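The values are calculated or read from the model by the stated rules, or taken from the named source; none is laboratory data. What you see is a predicted model, and the numbers here were worked out from it, not measured in a lab. Every residue, glycine among them, receives a Cβ derived from its backbone with ideal geometry; neighbour counts consider all protein chains shown. Heavy atoms of the whole protein, side chains included, go into the accessibility calculation; ligands, DNA and RNA do not. Shrake-Rupley method; radii C 1.70, N 1.55, O 1.52, S 1.80 Å.
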Amino acid sequence: MLRNSFVKSSAASRASALQFVRFASTKYDVVVIGGGPGGYIAAIKAAQLGYNTACVEKRGSLGGTCLNVGCIPSKSLLNNTHLYHQIKHDSKHRGIEIAGDVSVNFSTLMAAKDKAVKGLTSGIEMLFKKNGVTYLKGEASFVDEHNINVKPIDGSENLEVEGTNFIVATGSEPTPFPGIEIDEERIVSSTGVLSLKELPKRMSIIGGGIIGLEMASVYARLGTEVTVIEFQSAIGAGMDAEVAKQSQKLLAKQGLNFKLGTKVTKGVREGDVVKIEVEDVKSGKKEELESDVLLVAIGRRPYTKNLDFEKAGLELDNKGRVVIDSELKTKHDHIRVIGDVTFGPMLAHKAEEEGVAAAEYIKHGHGHVNYANIPSVMYTHPEVAWVGLNEQQLKEQGIKYKVGKFPFIANSRAKTNLDTDGFVKFLADAETQRVLGVHIIGANAGEMIAEAGLALEYGASTEDIARTCHAHPTLSEAFKEAALATFDKPLNF
Amino acid sequence: MRAATRLFKHTPLIKFVGGPHTAPKNVSHAAKAHPMAPNGELPGSGSSGSSAGASYFNKNPVEPQNGEFFSRSQLSSRFRYKAPKEEEIDNVITGGAALVF
């Protein structure tokens, strides 16, 4: 027993010594601050381009908000609750008889989510090892424009790290709602809602954007009475108006309650209940709601806390974003900034693109990010996905366009799946048929939108897509038919 | 006949650009505004809302001036986006196909 503990303690000291050896090197060609989707990709790419690279992350696990408390855990909950809902409510007419009751084990549901997160975050550590990226587990702050201080999370001595180049990728955090105090128990942010201890009977959600609607779907499927409160008169910020309206209709059919054009004036916890005061934006009519859990999902703000940016002379704009130029540079050529902490949509895949571009700018003086071609996906059921311009934007820009639509009810695969809600909508240049935007509601929309992204990137016309053979029977045939419908008649509708 | 064939021949708009790509030479690195930067802000131009470190949330909040609005929904209905009609959406979703299936 003594021997066993001695072996364990020697192994621990060896691991600690190894970490020290890794920390001992304090000068790097590229230092990436933040190990989220933008930061870790930038670090791997920089290492692949031959730079001695370090990545500083204070969370204790890589992957940032996306992997730890964002996209990945929410997708686990969305997928598993969808399966549950389908087994419980959508199996009998498919010929599947369930003997006995179907129920949810809430803690196992959460454990399955945690397992997915753990697997993916440790996968990034492996990728760091494979590519020779030094992983510094600590909190970074600028000392000056060439040096940062790293405060290790294990409490060991601080380390000063010198970088020839820096890539700042510190991400974002949930925006607080003025006057509403988040305790991550009854009043939760997008982080707390992923780790509730028990299934709430009633949940109110402030914000009808993607995060709010995805979480609304998760809990409504589990039987929670969900009310979404949105200040705007439509849900799904950034969606094409027609798509937003249709997806609201489909979500309402699933039991979600919507209070649109409604502002929240108060939200306080009283014991195990949250009391919320709302007001109709137009009429000013007030109403009081009660919930077991209130989710505040009104957006995210750039994360720059404790980074001492002023010591490196970096500037923030009035929304707290670091100001950069078209090559992602700050006023110092060797400090570049990517992802949520700077301009552009706060999306993991946008940050990844910028991560690659930042490393390539350092190496070649040239990088590429097409901000006109960044897809958005809402992983409700049906999914909603879009890329490029929507009708409102085309009208505002005075661009003449044609619309081509194809409903999934006329698609053979959707019919066999008994899952026919939604449509594919193409917006193409009226003269050249060049694809300008694609908007999809439907099962698998998030996967299908990749074809639209490729078409936009290559400057394809709708005829190019319509003349491309798509496998039968697949949902993607609806994509082809919608493209065809912009300049000719669809064949199956 | 040949003329008719030519007429119906599809010329793809898509252009596959091939590879591998080499980085373009003689690229100007003069600072240009980031494509997503509002009002073409540039680093070091002094046009930023705040300097780093200072909490921008503690600064005076930006209030709309007379005649300014932060959201389209605050404008009168004349300026708002027109939502599609229920019938239009239903036609797209179900359409004639509902009669067939």
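Here are some notes:
- Any hit, the stretch A:249-262, residues being under 23 Å from the mean Cα position of the chain (by Cα), within 14 Å of another protein chain (Cβ to nearest Cβ), part of a loop (DSSP other than H, G, I, E, B) and modelled with pLDDT of 95 or more: no
- Leading residue by the ranking (most open to solvent (accessible area, probe 1.4 Å)) among those in the stretch A:126-154 that are basic (Lys, Arg) and more than 24 Å from the chain's Cα centre (by Cα): A:LYS130
- For the stretch A:397-410, a tally of residues being in contact (Cβ under 8 Å) with a residue 24 or more places away in the chain and among the small types (Gly, Ala, Ser) returns 2.
- Conditions (1) open to solvent by 50 Å² or more (accessible area, probe 1.4 Å); (2) under 30 Å from A:GLU327 (Cβ atoms); (3) in contact with a Gly (Cβ under 8 Å, 6 or more places away or on another chain); number of the one not met by A:ILE182: (2)
- Qualifying residues in the stretch A:437-460 (those that are open to solvent by 30 Å² or more (accessible area, probe 1.4 Å) and within 27 Å of A:LEU251 (Cβ to Cβ)) - the one nearest to the other protein chains (Cβ to nearest Cβ): A:GLU451
- Of all the residues in the stretch A:186-199, those that are assigned to a loop (DSSP other than H, G, I, E, B), in contact (Cβ under 8 Å) with a residue 24 or more places away in the chain and open to solvent by 10 Å² or more (accessible area, probe 1.4 Å) number 6.
- Cβ-Cβ contacts under 6 Å between residues 6 or more apart (or on different chains), taken from a first residue in the stretch A:106-121 that is within 15 Å of A:THR65 (Cα to Cα) to a second residue that is open to solvent by less than 80 Å² (accessible area, probe 1.4 Å) and not in a helix (DSSP H, G or I), are listed as A:THR121/A:SER61; A:THR121/A:LEU62; A:THR121/A:GLY63.
- Qualifying positions in the stretch A:44-76 - touching a helix residue (DSSP H, G or I) at 6+ places or on another chain (Cβ under 7 Å), assigned to a helix (DSSP H, G or I) and more than 11 Å from A:VAL117 (Cβ to Cβ): A:ILE44, A:LYS45, A:ALA46, A:ALA47, A:GLN48, A:GLY64
- Those residues of the stretch A:304-320 which are part of a loop (DSSP other than H, G, I, E, B), open to solvent by 40 Å² or more (accessible area, probe 1.4 Å) and more than 7 Å from chain B (Cβ to nearest Cβ), in sequence order: A:LYS305, A:ASN306, A:LYS319
- With respect to the conditions (1) among the polar types (S, T, N, Q); (2) open to solvent by less than 60 Å² (accessible area, probe 1.4 Å); (3) under 22 Å from A:THR304 (Cα atoms), A:SER122 lacks only one, and its number is (3).
- Restricting attention to the stretch A:92-105, the residues that are open to solvent by 70 Å² or more (accessible area, probe 1.4 Å) and either under 22 Å from A:THR224 (Cβ atoms) or touching a residue at least 60 places away in the same chain (Cβ under 8 Å) (or both) total 6.
- Entirely in the stretch A:375-493, the helices (runs of 4 or more DSSP H) that have 1 or more residues that are at pLDDT 95 or above: A:412-416, A:445-458, A:462-466, A:476-484
- Criterion: open to solvent by 20 Å² or more (accessible area, probe 1.4 Å), away from every other protein chain (no Cβ under 12 Å) and not basic (Lys, Arg) - qualifying residue of A:GLY238, A:GLY208: A:GLY238
- Residues being in contact (Cβ under 8 Å) with a residue 24 or more places away in the chain, of a type outside the set (D, E, K, R) and open to solvent by 10 Å² or more (accessible area, probe 1.4 Å) - total across the stretch A:411-435: 7
- Which listed residue, of A:GLU288, A:GLU327, is in the same structural domain as A:VAL274 (by the TED database) and either open to solvent by less than 10 Å² (accessible area, probe 1.4 Å) or acidic (Asp, Glu) (or both): A:GLU288
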